[in-house]
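Report on one structure; see the data block that follows.
The values are calculated or read from the model by the stated rules, or taken from the named source; none is laboratory data. Keep in mind that what you see is a predicted model, and the values were worked out from it rather than measured. Here the Cβ positions follow ideal geometry from the backbone for every residue, glycine too, while neighbour counts run over all protein chains shown.
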């Protein structure tokens with residue numbers, strides 16, 4: 001059983017909720033697919049038991065011993081990545097146009113290390129995660145690798161909770177492909193509703209069972225009502241409404257899941273939401 005936690009934009013509380021649900025579910029496999037801003041693992045003192053290099057793309061490399069400095073590669077490059085017969089690796093997109101026009105065959109495309117993928121062992125369970133190289137972009141290919149690594153530990157239909165990327169891009173599509181259910185975290189703002197529309201449209205396209213929770217619903221109850229109307233119109237499932245809570249900031253600073261703060265109203269709401277989710281996924 002794979003449950004993916006998504007949001008239309010960053011900063012809605014997706015990781016806070018994914019971490020709390022993982023703690024409430026207890027025996028779970030955790031996968032951090034938010035590779036561009038990986039922070040799921042920060043809440044745990046784990047030990048990296050497996051590490052592998054991930055090569056996500058290619059970069060052009062010039063063999064100076066063959067280069068005749070004709071400048072044709074610089075003329076053809078649409079990414080302004082070649083100057084004075086040198087490649088700017090941060091600007092190069094690996095398109096290969098320079099390879100094709102080089103009369104001396106002095107340019108090759110070489111695989112570039114984009115990230116390192118880890119299996120981090122916890123007291124209970126594991127986290128499949130990645131650390132990006134400087135200047136590298138997250139990709140659906142890397143997300144797919146992390147999910148494959150996590151599945152090796154999800155025997156006996158163990159629950160897997162995936163912290164997905166915000167938005168609707170390639171990494172999100174790779175996060176939800178073949179999953180069982182999605183929980184979309186939104187917030188009561190105009191942009192929050194617009195982002196929710198985009199994410200739920202994506203989930204509908206893939207035929208996924210979609211649940212929604214409204215985080216900080218009480219900072220704009222009028223907007224929360226609009227979001228609830230949208231959820232009803234789209235026949236989605238509203239599983240939780242989480243109130244604003246200053247203790248959440250304390251939990252983030254202390255890297256401790258919010259459900260472990262007894263006075264936290266947000267933590268209580270997440271516990272109630274987990275009961276609703278359990279009824280659905282079981």
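Worth a mention:
- Residue 239 surrounded by 16 or more Cβ atoms within 10 Å (Cβ to Cβ), part of a strand (DSSP E or B) and touching a residue at least 40 places away in the same chain (Cβ under 8 Å): yes
- Being out of contact with any helix residue (DSSP H, G or I) (no Cβ under 9 Å at 6 or more places or on another chain) and more than 30 Å from residue 41 (Cα to Cα) holds for only one residue in 221, 254, 226, and it is 221.
The rows are residues; the columns are (1) within 15 Å of the chain's Cα centre (by Cα); (2) over 14 Å from residue 161 (Cα atoms); (3) at pLDDT below 95.
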{"residue": "1", "(1), (2), (3)": "no, no, yes"}
{"residue": "23", "(1), (2), (3)": "no, no, yes"}
{"residue": "89", "(1), (2), (3)": "no, yes, yes"}
{"residue": "108", "(1), (2), (3)": "no, yes, no"}
{"residue": "114", "(1), (2), (3)": "no, yes, yes"}
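- Selection over region 253-273 of residues that are more than 19 Å from residue 189 (Cα to Cα) and either surrounded by fewer than 18 Cβ atoms within 10 Å (Cβ to Cβ) or in contact with a strand residue (DSSP E or B) (Cβ under 8 Å, 6 or more places away or on another chain) (or both) gives a count of 14.
- Residues located in region 176-194, provided they are closer than 17 Å to residue 16 by Cβ and out of contact with any helix residue (DSSP H, G or I) (no Cβ under 6 Å at 6 or more places or on another chain): 183, 187, 192
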